[in-house]
Amino acid sequence: MAESYKSKQVAPEHDSEKDEVFGQFNRLLSLTAEEDERGLVLSMAAFSEECLSRLLHGYLRPGKPANDLIEGFNAPLGTFSARIKAAYAMGLLSSEQMADLELLKKIRNEFAHNWEGCNFEAEKIKNWVLEMNPSRFHPDEPKTLQSKFHFSITCVLVEIQHLLSTLGSGKRTVPVVAAHLFTKPPISK
């Protein structure tokens with residue numbers, strides 16, 4: 001019985017989910033296709049937060065100092081909010097992407113902390129969704145607030161996934177610009 005429960009909870013992997021750049025994103029879309037509003041918001045926010053973590057890791061020099069900044073208890077860049085701000089400050093997000101992620105964070109908090117439930121028609125959430133930038137990929141105007149939310153965040157996530165594909169091991173990372181000033185030549189080791 002446990003096996004059948006698990007198989008219902010985890011959709012089978014498709015070829016599009018094996019794609020190196022967009023595999024995880026395709027998996028997100030597959031898993032959220034039938035979600036209710038709360039499930040959609042929480043899943044999109046969790047995925048966005050993870051993407052920002054990978055983006056920061058991909059841009060920073062590898063090692064314990066970067067890990068300590070991003071992961072673990074009391075990490076300075078351990079929250080969704082801090083990751084959004086850091087990625088923007090480092091030039092990894094545009095102002096439009098940052099604004100949409102900030103709105104996602106607010107919407108996520110409403111859905112996550114409201115035990116009675118909420119929906120896209122709630123006045124605060126509706127206004128935040130309407131503030132989101134239109135998708136740069138979907139030329140048609142979305143018919144519902146849920147579609148607008150989904151299209152706007154999907155657009156940001158595709159752009160982040162693309163950027164992630166250009167960063168990391170053997171690819172672009174932050175250049176070391178540190179300098180040492182010497183009055184005498186350094187000792188060779």
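The values are calculated or read from the model by the stated rules, or taken from the named source; none is laboratory data. As the structure is a prediction and not an experimental result, all values here were calculated from the model. Glycine also receives a Cβ, built like all others from the backbone with ideal geometry; neighbour counts cover every protein chain displayed.
If you check Ile125, Ile70 for being modelled with pLDDT of 95 or more and touching a Lys or Arg at 6+ places or on another chain (Cβ under 8 Å), only one passes: Ile70.
Among residues of region 55-66 that are surrounded by 20 or more Cβ atoms within 10 Å (Cβ to Cβ), those with a Cβ under 9 angstrom from a residue that is assigned to a helix (DSSP H, G or I) and of a type in the set (D, E, K, R), sequence gap 6+ or separate chain, pair up as Leu55/Arg83; Leu56/Arg83.
Between Thr79, Thr32, the distinction of being under 26 Å from Leu163 (Cα atoms), of a type in the set (S, T, N, Q) and crowded, with 17+ Cβ neighbours inside 10 Å belongs to Thr32 only.
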